[in-house]
Structures are given as structure tokens and as C-alpha cells.
Amino acid sequence: MKVRAAAALLLLLAASAVNAQRVSVEARRDGDAVLVEARAQFKADARLAWEVLTGYDRYALFVPDLTSSHILVRAGDTAIVEQKGMAGFFLFRFPLEVRLAVTEQPFEQVSARAIAGNFKEMTGLYRLASDGEDLQFSYSGRLVPAFDLPPLVGTAAVRIAVEKQFVALVREILRREKDRGS
């Protein structure tokens, strides 16, 4: 009964996080790691999407579960970004404390890897590609937390946390696109 209720809650949370646009997020275990893939396609300007994606200091304003996000150092197309918050779902929550080394390839991709924090390993790659009027936006990541992550619930919690951030980025891009068009 508890498992069924937890599964129903998980589905409800996932459905509520997904925006009306075409967004998909998948996660799976690979040993101690959780591998995550997210994709979206929507109408937006790639340069505007780039501004949102690389506006790390603003993330805490629109990304659920993030309490702070700051650029500590920037040198050209590289930055050190520190993020803090609390992620998860239902009763399973985990702290998010990470310092990321970020490398930007303007208007195409942002790669990041954890250099400090509560992840043994955390790598991620965001990609932007124009397809006519549509923007292809994707994320792939590999996360190995330094804290206990229960097998079934933990994978779902990581997927939901990544989905919340990814959908928040999509919504912010769309909001700014709409404001620009007004």
C-alpha cells in the first residue's frame, strides 16, 4: 500500500513539473551513479536561451529548491559557480551543495563538473541547437552523490530534481521570449 501511494505521488509530482511544451526527462542507475537525460523543443531565440542558461546568478530566482547560485570567478568562457539548496521529493530530501567548474561554448553548449561539494562526481552538459524557429534544448548528466541515495527512491528523487531545474530553465526562456515579444 505504501509503495503504491509513493508511486502515485511520484507520478503526480512528475506530471505537475512537466510544462505544456515537449519536455522529457529520464534517469537510470549505473552502479553508484545516476545518469540523467533531458530534452525539450520549443520556439525561442537561441541567444535569449543562452542568456538564461548562463545567467547563473539569477537561477535561485526561478529554479525551485535552489536557495543560492553565484558566480565566484569568471575568466572569459569559464566560470566557477556555487549553488546551494535542498532537493528531492515527498519525505526524501537531500542537500545540494556544489561548486562547479563551467566551460561555455557560446550559443551551443555549457559543460560543468563538480570541483567541491556533496557529490563525489557530478558532470553535466547543456546543449542548444536551432531547428528553424524551434530550439532544441538538452541536458545530460552523471551524478554520484557523497551521501546515501536509496536505490529506487534515490533515482526518482534525482530525476525529479533535474526535471525541476530543466523545466524551470525552459519556463524562464519562454517567459523572457514572451516579454521580449510584448
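Throughout, read-outs are computed from the coordinates displayed, never taken from laboratory work. Everything numeric here is computed off the predicted structure, so don't read it as measured data. Don't worry about glycine lacking a Cβ; one is built from the backbone with ideal geometry, like all the others, and counts go over all protein chains shown.
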Treating the angle as unsigned and between 0 and 90°, give the value, to the nearest 10°, between the Cα long axis of helix 2-17 and the longest Cα principal axis of the chain. 10 degrees
Chain lengthening between ARG99 and ASP131 when straightened (0.36 nm per residue, less Cα-Cα): 8.2 nm
As a Kirkwood estimate from alpha-carbon pairs, the stretch 2-181 has a hydrodynamic radius in angstrom of 16.7 Å
Expected 222 nm ellipticity per residue - DSSP helices of 4 or more, -39500 (n - 2.57), all of the chain, to 500: -10500 deg cm²/dmol
So ASP148 and GLU37, fully extended at 0.36 nm per residue minus their Cα-Cα distance, gain in nm 37.8 nm
For the stretch 80-144, listing GluC sites (Glu not before Pro) in a DSSP loop whose Cβ sees at most 10 other Cβ atoms within 10 Å gives GLU133
Report ³J(HN,Hα) in whole Hz for each residue of the stretch 66-82, in order, from the Karplus equation J = 6.51 cos²θ - 1.76 cosθ + 1.60 where θ = phi - 60°; Gly and Pro get x. 8, 9, 7, 8, 9, 7, 8, 8, 9, 9, x, 8, 10, 8, 10, 10, 10
Student exercise: in the chain, how many lysine pairs 8 or more apart or on different chains have Cα atoms under 28 Å apart? 7
